[in-house]
Structure formats: C-alpha cells, structure tokens
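Contents: one structure, followed by commentary.
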Amino acid sequence: MSAQTGTSVQQQTVTPRHKHKSGKYIVGYLLSLVLTGISFSLALTHSMSFQPLIVVLVILAAFQIVVQLFFFMHVTESDGPAYHAMGLVLGLFFTFAIAFMSVWIMGFNSIVS
Amino acid sequence: MWNEGPMIWTSDVLILLTSVGIIGVLTHFKKWKWLWDEWLTTVDHKKIGIMYLIAALLMMFRGGVDALLMRTQLAVPNNHLLTAEHYDQIFTTHGTIMILFMAMPFIFAMFNIVVPLQIGARDVAFPYLNAISFWLFFFAALLFNLSFVFGGSPDAGWVSYPPLTELGFDKGPGENFYLLAVQITGIGSIGTGINFLATIFKMRAPGMKLMKMPLFTWSVVAASIVIIAAFPALAIALALLLLDRVFGTHFFTMLHGGDPMMFVNLFWIWGHPEVYIVILPAFGIFSEVVATFSKKRIFGYSSMVASLLLISVISYFVWAHHFFTMGAGANVNTFFAVASMMVAIPTGVKVFNWLFTMYRGRVTMSLPMWWTASFVLNFLMGGATGVMLAVAPADYQYHNSYFLIAHFHQTLIGGTVYGLLAGMYYWWPKMFGFKLDKKLGMWAMVLFNIGFYVCFMPQYALGFMGMQRRMYTYPAGMGWGTLNFISTIGAYLMGLGFLFIVIEVIYSIKYGERDLTGDPWNGRTLEWSLPSPAPHYNFAVIPTVTERDYWWELKENNRTHELRPKAETLKSIEMPKNSARPFLMGVAFFFAGFGFVFHWLILGFAALAIVAAIMIHRALEVHDEYAVPVDEILETEAATGRL
C-alpha cells in the first residue's frame, strides 16, 4: 500500500501479514467437526443423565472456542496494540453476564411450574 | 394478493406503475450500465452510504404511512377504517421497519459516509464485506415489504412473542417474512459492526491516537461494540423460532419442555442494546454539530468518550426491564431497575457537556443546530419518563400503556431521528456538493417539532387514563376521544414536516447553494479538508495528525496548505475493485428467504448453495485491488483546484 507511514497501526488496508498454510485451517476444521459431532451424539443418544451431560457439553464448547480462536482467528498473532485481547475479555464478560443472568431471571419458572 | 380487498389492490397497481416507471426511465436515458457499474457493484464506502441513506428515507416514508394509518384509525372512537387484523399488521410493520429498516440503515449511512473521511482512511477495513452488508439489508427490506402485497404481513408485533407466533396461533406466511427478513438484515448488521470496529482501530491516519479521534468516530466504536455483542442474540432467537415454525421443534412451546419466556429474554438481550445502538451515533452527531456551530472544542471530551463507552456496557444489564411484570422475583426486578436508571447518569453527563459547549460559544443556528437544540428538550423529557418507567413497582402501572408508547417515541424520534436528520443536513454538502435549502428546512423542522409534541404529549395522558397499546379501536365512553384526535392531528403535522424535507431535497438539487470550498460550515475535523464530494480515493496523501480537531487547528494557524497534495510526492493508490458478487449474494439471500417463507425448502436450500458458491469463488480470488495511476490522481486533484 502506498502512503504507508510509520508503525503498523496505521496501515491502510488490513492485509494478511502472516502467510497461513491451509493445513492449519484443515486441522481446525476437522477438530471443530469432531467436537460438534461428539456433542451432538451425546445429546441425541441421552447417554448420560442431565447434569453431567451439561457439564460435558460446556467443556466441549470451551474446547470449541479454543479451536476457533487458535486455528481460525490467529489470536496469538498481532501487530500493534492488542485490541483483540480487550475485545475477547469484553466478549467473555458479556457472554457470562448474559448466560448467568438469564438463568437467574428464568429461575422463577421452576417455582411457577 | 388476489383476495385482500381494494386497499391492497390499489397498492399492487401503484407498485407496478412505479416499477414500470423506474425501468422506463432507466431504459430511456440508457442508465442501466451506469447503474450497474457505478452503484450496484460499488465497494466505495461513500456510495454505499448514499444508498443506505436513500433506502432509509424511503423506509421512513413507508413506516410513516403506517403510523398515519394507525393514527387515523384511532382518531375517533368505534372507528372501522381498518379491520383488527389489518391494524395488527400495520403496527407490526411500523415498528419493525422503523427500527430495523429505517434507523439501522440511517446510522449505517452516517457510519459509511463519515468514518473513513474523519479518520483519514481511504476506505473501510473490508470494503467487500461492506457491500455485502448493504445488499443483505437491501434485499431483506425488499423481502419484508413484499409481505405487504404477497401473502400477508406479520401481525404479532415487532417483538414477535411466542406462543402467539407459533404455528398453532399464526399460520400465515407473514410471521415467516418477519423472521427471515430480520435475520438476513441482522447478519448484514453484524458485518457492519465488525467492519467499522476494525476500520477505526486499524486504519486511522498516522498520529491519530484514540483520544484524538472525533467524537462521532468514538460513538461508532461504542455502537459497533454493542452491535457485535447484541445482534447474535437476536439471530439465535429468530433462528430458534424459525425452527419451531418451519421444522417443528419445540424451543418455545410448552409441549416438550420449551419456554416462551426464553424468547422474550433473548429478544430483549438484543432489543434493549439495540435502542442504544441507534442512539449512540446520534450522540456522536450532536457532539460534532454542537462543536462546529459553537466554534468551540467540545466541553469535556474525555468524559464524553467515557460516557459513550459506559452506556455501551451498561446497556447489557437492563434488558429485563421489558418484562418487569413477568413474575420474576423482587431481586431480579431491583437489579434491572437500578441498572436501567444508571443509564441516565452518563447520558446526563453528555447533555450537560453539549450545553456547556454552547455556553459562551459563538452559536450559529443552522439547520443541524436547530435539530440539535430541539433534541435537547425532547430528550430531557424522554429521559425523565424513562427513569419513571425504570421504577419497577411503578412500571406495573405503566406497563404496555400509551405512556410507554409516548416515552419510547420521544427518545427514538426526539433522539435518534433528530440526530440522524441533523447529521444528514450537516454532511449533505460532503455527500453531494450542495447545501439543503434553509428556508424549506426550517418549515420542515418547525412542523415536525410541533407535530411531535401535539402527537405524543396527549399519549402520556392517555397512558395514565388507562389506554393500552395495540388497541385497534375503543368505545366512546372512555374519555379518550379528544386526546386521540389531537394526537392524530400531531401525526399529520409530522407527516407534513417529512413532506417538506422531500420538497427541500428536490428544490435544493436545482437551487441549493453549491459547496465549492469543501468546508461550508467552517468544520473542525478531517472530512472538511477534502473537496465536496470527496474523490473516490478520499485522500491523495494520507495526513499526519498531531492534534484533536486537526483541521480546525490548521486553519487557526494558517497551515491548511500542509494537507494539499504535492505533485512530485504523489504515489499511485491501491483501491479495492468493484464486484458483482455482493449484489448477487443479496439476490441469493432474497430467494433463500422467500423459499423458507413459503416452505419451499428446495428453493431455500438451492439459494443458500449459491451463497456458498459465491463465498468459495471469493475465497479463490487473488487480485481484488487495482492501482489508481498518479496521472489520474493529478487530474482529479487539479479539477478540484487543490494542486
């Protein structure tokens, strides 16, 4: 890009600075498929009782997030300020707030029914 | 379509005639190629912004006609101008259109037109994605409006609560139109949020530190954060309801352990942040307008930034105030009541900062400034009634009454619409190279503003008198007749105000004052350093920023020549190529939506396959940029007298 001055923060288009080999994407894709497949089959076959099932699903979901972040979003690579780290923290904050508060709000349901 | 009575038939004929007219004009003036090359395939943020603006104004017309029909129906007791079913459809489309197909594209118009120019960038971070976002919105709006003449409009309110919207109670395709259209435009909105956050964080001109950014850009940061975190909740809620309706799942039916309240919960996790999404950019616009027309730097810049970001975070902890009366415990209601009231604090900070900026400034009352001044009074009242509604015990009284209707119209019209109109007037010369006529604009402003109070003040009273929202008619003895009649007069005054804006635009195209300097308002930020309209590459040379309000500082110190390009230092500029794929993707999404609306699953999935094919085609594209040669830059810059 022309007229590119100074540090990397001011680059004029977001061009991929790092060359990614397609192998990494394929591994990530397969991993996420496998993780999704396991969750689906566990839920569909009712192979566990409810509460342990939820725990296992949450753990699998956490792995899924890790796979997405490392294989597709390249969370470890950055130039310039680590905006994406702040974004991740804020995103996690919102996610947990929404999830736990929904459980809290909907708690009345168990009392009603 | 065939059995819906004279009102719809007339609309059918009008739509047909308009379409024939448009096609005729385009063919007669041989503009098809121009339309395709310059607009439909463009990835230029300025053109995309203009298309958003036109679409938003058209949708404001459609939503406004809905509003007038409703007010006409309610003008007198026992009125039967509309049937109950038709009335339900009209308030549903009014709400959906005004929020998702008017306010959202209007803020995106402002994002697109202003942000890259303000931060000294040549385009957004992902121009191609930007075009996709626009076409998704455009074809979603088309799909939604198609319901009007084809199959019946949605009629369960813009919130679309189950079980009312489950198949058992709502067979028709109207609800499917709503679910799919909103889903498609929502995907586009997420794209826009990501795009502008990346643009602002990654593409600022050298030297423009975060705390040197103009406040409008800051407001776009805040709004984009909210978009990215809120819209997925809506996407999930709509997708689950669609699965219930199309594939017979039971997420929101009690039948197999589903819970309809979960939809309400998910909807408002998006829905309340959404009203901040549309108000935050308006706050940014007011900050720009007030500073420019008071000829002062904004009072309390850092507190403005802090309050914007604070609002964007607090907005996630207020959603349960939409269902205080649902039956959740006192602790839940207390938490959400307090959080809702807390939003008033940063908002109050902002209002006082605007007032302090005007205080002892040399204030010029131009049109943007008039809209800003009318906003302050409006928002004061809207905010105060908002805090009244946030008091959970009192909300049991106001819940679903006209008091609530008056409150949210006062914040959404008095805040968002006034702000966006102020922004439209303010940046109009930058978009089109001429100013909008002030005299006609004043007529519009005065009529709209008076109309607003005449329309909505009676509704606060009606709320206290027990009138509930979504009533299609009411008996004569309730004592509501007079106030409703006054309210209807106000609605027509607002309609007249809108008409004046249309006349003003048409008049100004011919007679409006041309902007030859590029800086008609004596502005403060970088976009005013460019000619109007800006060349397609924006900046021939990217400026190096050293202060806040950089353009103003340069003018104060007679250093404006520093931003002029110099012939010997110009280099060729790489710009993104136009592409037909975003448009085609929109078309494919339209057919996918249409297929699922009518349960034509083959059409739906086939169209989705085309979407996938387009994405793969894009993934294999290598050269998506081209170089603008130095000669062309020289020629363009010389034509505007900058060399």
Within the bounds of segment B:542-564, is there any residue that is touching a residue at least 24 places away in the same chain (Cβ under 8 Å) and farther than 30 Å from residue B:433 by Cα? no
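Would you please name the residue that is nearest to the chain's Cα centre (by Cα), looking only at residues in segment B:87-112 that are among the β-branched types (Val, Ile, Thr) and under 16 Å from residue B:279 (Cβ atoms)?
Within segment B:87-112, the first condition is being among the β-branched types (Val, Ile, Thr), and the residues that meet it are B:90, B:92-93, B:96-97, B:99, B:107.
Within this subset, residues satisfying the condition of being under 16 Å from residue B:279 (Cβ atoms) are B:99, B:107.
Numbers: B:99: 7, B:107: 4 Å.
Among those that are among the β-branched types (Val, Ile, Thr) and under 16 Å from residue B:279 (Cβ atoms), it is B:107.
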Exactly one condition in (1) more than 30 Å from residue B:552 (Cβ to Cβ); (2) within 20 Å of the chain's Cα centre (by Cα) is not met by residue B:172; state its number. (2)
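Do any helices (runs of 4 or more DSSP H) lying entirely in segment B:1-102 carry at least 1 residues that are at pLDDT 95 or above, and which ones are they?
Working: elements: B:6-28, B:45-74, B:84-96.
Filter on segment B:1-102 gives B:45-74, B:84-96.
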Taking only segment B:113-127 into account, find how many residues are more than 20 Å from the chain's Cα centre (by Cα) and either over 15 Å from residue B:191 (Cα atoms) or more than 11 Å from chain A (Cβ to nearest Cβ) (or both). 5
Could you list, ordered by first residue, the pairs with Cβ atoms under 7 Å in which the first is in segment B:306-334 and more than 12 Å from residue B:226 (Cβ to Cβ) and the second is outside any helix (DSSP H, G or I) and among the small types (Gly, Ala, Ser), at least 6 apart or interchain? B:320/B:328
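This table checks each residue for (1) within 23 Å of the chain's Cα centre (by Cα); (2) closer than 21 Å to residue B:346 by Cα.
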| residue | (1), (2) |
| --- | --- |
| B:220 | yes, yes |
| B:231 | yes, no |
| B:237 | yes, no |
| B:243 | no, no |
| B:247 | no, no |
| B:253 | no, no |
| B:266 | yes, no |
| B:279 | yes, yes |
| B:282 | yes, yes |
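Any idea which of B:476, B:491 is buried (at least 21 other Cβ atoms within 10 Å of the Cβ), hydrophobic (A, V, I, L, M, F, W, C) and in contact (Cβ under 8 Å) with a residue 60 or more places away in the chain? Give the steps one after another, and end with the answer.
Working: B:476 fails: buried (at least 21 other Cβ atoms within 10 Å of the Cβ).
From the options B:476, B:491, the qualifying one is B:491.
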Assuming residue B:497 fulfils every condition listed in (1) open to solvent by 60 Å² or more (accessible area, probe 1.4 Å); (2) in contact with a Phe, Trp or Tyr (Cβ under 6 Å, 6 or more places away or on another chain); (3) more than 30 Å from residue B:575 (Cβ to Cβ) apart from one, which condition is it? (1)
Test each condition in (1) of a type in the set (A, V, I, L, M); (2) open to solvent by less than 70 Å² (accessible area, probe 1.4 Å); (3) away from chain A (no Cβ under 14 Å) for residue B:516 and report the one that comes out false. (2)
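Condition test on residue A:44, is it open to solvent by 50 Å² or more (accessible area, probe 1.4 Å) and either at positive phi or within 12 Å of chain B (Cβ to nearest Cβ) (or both)?
Judged against the criteria, residue A:44 is not a match.
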Quickly run through segment B:588-608 and pick out the residues that are open to solvent by less than 70 Å² (accessible area, probe 1.4 Å) and more than 20 Å from residue B:131 (Cα to Cα). B:594, B:595, B:596, B:597, B:598, B:601, B:603, B:604, B:606
Quick one: would you say residue B:378 is in contact with a Gly (Cβ under 6 Å, 6 or more places away or on another chain) and of a type in the set (S, T, N, Q)? yes
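Look through B:591, B:498, B:583 and report the one residue that is closer than 27 Å to residue B:142 by Cα, free of Cβ contacts under 8 Å to residues at least 40 places away in the same chain and more than 14 Å from chain A (Cβ to nearest Cβ).
Working: B:498 fails: free of Cβ contacts under 8 Å to residues at least 40 places away in the same chain; B:583 fails: free of Cβ contacts under 8 Å to residues at least 40 places away in the same chain.
Selected residue: B:591, the only one of B:591, B:498, B:583 that is closer than 27 Å to residue B:142 by Cα, free of Cβ contacts under 8 Å to residues at least 40 places away in the same chain and more than 14 Å from chain A (Cβ to nearest Cβ).
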Quick check on segment B:333-352. Is at least one of its residues within 25 Å of the chain's Cα centre (by Cα), under 21 Å from residue B:425 (Cβ atoms) and more than 14 Å from every other protein chain (Cβ to nearest Cβ)? yes
Are there any pairs, at least 6 apart or on different chains, whose C-beta atoms fall under 8 Å, with the first in segment A:86-107 and at the interface with another protein chain (Cβ under 8 Å from one of its Cβ atoms) and the second surrounded by 14 or more Cβ atoms within 10 Å (Cβ to Cβ) and among the charged types (D, E, K, R), and if so, which? A:106/B:259
Quick one: is residue B:431 more than 22 Å from the chain's Cα centre (by Cα) and open to solvent by 10 Å² or more (accessible area, probe 1.4 Å)? no
I need every pair where a residue in segment B:260-276 that is more than 25 Å from residue B:382 (Cβ to Cβ) and more than 10 Å from chain A (Cβ to nearest Cβ) has its Cβ under 6 Å from the Cβ of a residue that is open to solvent by less than 30 Å² (accessible area, probe 1.4 Å) and outside any helix (DSSP H, G or I), sequence separation at least 6 or different chains. B:260/B:162; B:260/B:252; B:263/B:162; B:263/B:252
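Collect the residues in segment B:316-332 that are of a type outside the set (A, V, I, L, M), facing chain A (nearest Cβ under 10 Å) and either open to solvent by less than 20 Å² (accessible area, probe 1.4 Å) or in a helix (DSSP H, G or I) (or both), keeping them in residue-number order. Even if it seems obvious, please write down each step before you answer.
Looking only at segment B:316-332, we keep the residues that are of a type outside the set (A, V, I, L, M), and these are B:316-317, B:319, B:321-325, B:327, B:329, B:331.
Checking which are facing chain A (nearest Cβ under 10 Å) leaves us with B:316-317, B:319, B:323, B:327, B:329, B:331.
B:316, B:317, B:319, B:323, B:331, listed by residue number.
For segment B:77-134, what are the residues that are of a type in the set (Ser, Thr, Tyr), open to solvent by less than 20 Å² (accessible area, probe 1.4 Å) and within 30 Å of residue B:199 (Cα to Cα)? Steps first, please.
Taking segment B:77-134 as the starting set, the residues that turn out to be of a type in the set (Ser, Thr, Tyr) are B:83, B:87, B:92-93, B:96, B:128, B:133.
With open to solvent by less than 20 Å² (accessible area, probe 1.4 Å) added as a condition, the list becomes B:87, B:92-93, B:96, B:133.
Correct list: B:96, B:133.
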Please verify whether residue A:50 is surrounded by 13 or more Cβ atoms within 10 Å (Cβ to Cβ), within 14 Å of another protein chain (Cβ to nearest Cβ) and modelled with pLDDT under 90, treating the condition exactly as stated. no
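Scan segment B:262-276 and tell me whether some residue there is part of a helix (DSSP H, G or I), within 23 Å of residue B:363 (Cβ to Cβ) and aliphatic (A, V, I, L, M). Lay out the reasoning, then the answer.
Let us first name the residues in segment B:262-276 that are part of a helix (DSSP H, G or I), namely B:262-276.
Then drop every residue that is not within 23 Å of residue B:363 (Cβ to Cβ), which leaves none.
No, the conditions are met nowhere in segment B:262-276.
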Can you tell me how many residues in segment B:533-566 are away from chain A (no Cβ under 14 Å) and touching a strand residue (DSSP E or B) at 6+ places or on another chain (Cβ under 8 Å)? 1
For segment A:20-38, indicate whether the set of residues that are within 14 Å of another protein chain (Cβ to nearest Cβ), in contact with a Pro (Cβ under 8 Å, 6 or more places away or on another chain), outside any loop (DSSP other than H, G, I, E, B) and modelled with pLDDT under 85 is non-empty. no
Against the condition crowded, with 16+ Cβ neighbours inside 10 Å, among the hydroxyl-bearing types (Ser, Thr, Tyr), on the phi < 0 side of the Ramachandran plot and more than 14 Å from chain A (Cβ to nearest Cβ), how does residue B:357 come out, does it pass? yes
Considering only segment A:52-87, state which residues are in a loop (DSSP other than H, G, I, E, B), on the phi < 0 side of the Ramachandran plot and under 14 Å from the mean Cα position of the chain (by Cα). A:73, A:75, A:76
Starting from residues that are within 12 Å of chain A (Cβ to nearest Cβ) and among the basic types (Lys, Arg), keep the ones in segment B:192-248 and report whichever is surrounded by the most Cβ atoms within 10 Å (Cβ to Cβ). B:204
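The values are calculated or read from the model by the stated rules, or taken from the named source; none is laboratory data. Being a predicted model, the structure only gives us computed values, none of them experimental. Glycine gets a Cβ as well: all are built from the backbone with ideal geometry, and neighbour counts include every protein chain shown. The accessibility values were calculated without ligands, DNA or RNA, using every heavy atom of the protein model including side chains. Shrake-Rupley method; radii C 1.70, N 1.55, O 1.52, S 1.80 Å.
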